[in-house]
1. If I ask for residues that are closer than 16 Å to residue A:13 by Cβ and either in a strand (DSSP E or B) or in contact with a His (Cβ under 9 Å, 6 or more places away or on another chain) (or both), which ones from the range A:139-168 would you list?
2. Does the range A:121-136 include one or more residues that are farther than 15 Å from residue A:27 by Cα, within 15 Å of DNA strand C (Cβ to nearest atom) and assigned to a strand (DSSP E or B)?
3. Mind listing whichever residues of the range A:56-83 are free of Cβ contacts under 8 Å to residues at least 24 places away in the same chain and either more than 12 Å from DNA strand B (Cβ to nearest atom) or in a loop (DSSP other than H, G, I, E, B) (or both)?
4. For the range A:115-135, does any single residue satisfy the condition of being free of Cβ contacts under 8 Å to residues at least 24 places away in the same chain and aliphatic (A, V, I, L, M)?
5. From A:75, A:60, A:101, which residue is away from DNA strand C (no atom under 13 Å from the Cβ) and either under 16 Å from the mean Cα position of the chain (by Cα) or of a type in the set (Gly, Ala, Ser) (or both)?
6. Any idea which residue in the range A:28-57 is surrounded by the most Cβ atoms within 10 Å (Cβ to Cβ), counting only those that are under 14 Å from the mean Cα position of the chain (by Cα) and of a type in the set (D, E, K, R)?
7. Any residue in the range A:149-176 that is over 14 Å from residue A:45 (Cα atoms) sitting within a Cβ distance under 7 Å of a residue that is among the acidic types (Asp, Glu)? List the pairs, counting only those 6 or more apart or interchain.
8. Right, residue A:104: at negative phi, touching a Cys at 6+ places or on another chain (Cβ under 9 Å), away from DNA strand B (no atom under 11 Å from the Cβ) and not charged (D, E, K, R) or not?
Amino acid sequence: MFDNSIIMRLNQQFYNQPTVKVAKALLGKFLVHKVNGKILVGKIIETEAYVGPKDLASHASRGKTKRTEIMFGEAGYWYVYLIYGMYYCLNIVTEHKNYPAAVLIRKVEPVSGLKEKIKTDGPGKLCRAFIIDKNLNGMSSFEKKSKLWIEDRGEIIKPDKIKKAPRVGVDYAGEYKNKLWRFKLSDEEIELIKR
DNA sequence: CAAGAGATCATCT
DNA sequence: GATGATCTCTTGA
């Protein structure tokens, strides 16, 4: 069988761009996870950018550690970590090597492969729904062998459909807490997706 | 409705 | 020993 998903899969070059640009460009793209013989698909509708060593909201602002070293690496690798003892968060590393940055996938709209009632409208919830855990930390998203990736199905999102907001849960981040580095599709646009 | 607290543990100090 | 890029449930108006 010919596998279309390989053609549409975003390549490493896509992620090796300014993080804010990548965060916006990911809206309207499709998160795909091949797991347990199933293919789970969701359309990305909200992201957050974590940019560079000075961003106090970013784990990388406290220097390179065993946990954050993946953020200092090359673009296009998954950064998955456990938060509050019970939830995983999914990020994709951006920009060049030795510059720590990543995009957090905050919300997706279920497309296929997911059970009816399961929610995907939050970082922890979507990881639960997509069966994402620490095993995926450090894996690449752009290689043919990877089971978790993001693909472009040719849809164009107009810039005026993207809303900006401060990031969630980062009150401790000083001046960085007010940065408008959270991006989401407008409510009207999300309604259209649900049809 | 909104606000508050509890769950629960890897990571860092 | 403290804390967090979250979520769910309970409480109370």
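1. A:140, A:149, A:150, A:151, listed by residue number.
2. no
3. Within the range A:56-83, A:63, A:65, A:66, A:67 meet the criteria.
4. Yes - at least one qualifying residue is present in the range A:115-135.
5. Values: A:60 fails: away from DNA strand C (no atom under 13 Å from the Cβ); A:101 fails: away from DNA strand C (no atom under 13 Å from the Cβ).
Result of the check over A:75, A:60, A:101: A:75.
6. Initial filter on the range A:28-57 (under 14 Å from the mean Cα position of the chain (by Cα)): A:28-33, A:41-51.
Filter once more, keeping what is of a type in the set (D, E, K, R): A:29, A:43, A:46, A:48.
Values: A:29: 21, A:43: 21, A:46: 25, A:48: 27.
It comes out as A:48.
7. Hits for this filter: A:167/A:48; A:176/A:55.
8. Values: at negative phi: yes; touching a Cys at 6+ places or on another chain (Cβ under 9 Å): yes; away from DNA strand B (no atom under 11 Å from the Cβ): yes; not charged (D, E, K, R): yes.
So residue A:104 passes the test.
None of the figures in this text is laboratory data; all of them are computed from the coordinates on show. Worth saying up front: this structure is predicted, and the values here are computed from it rather than measured. Cβ: placed from backbone, ideal geometry, glycine included. Neighbour counts: every protein chain shown.
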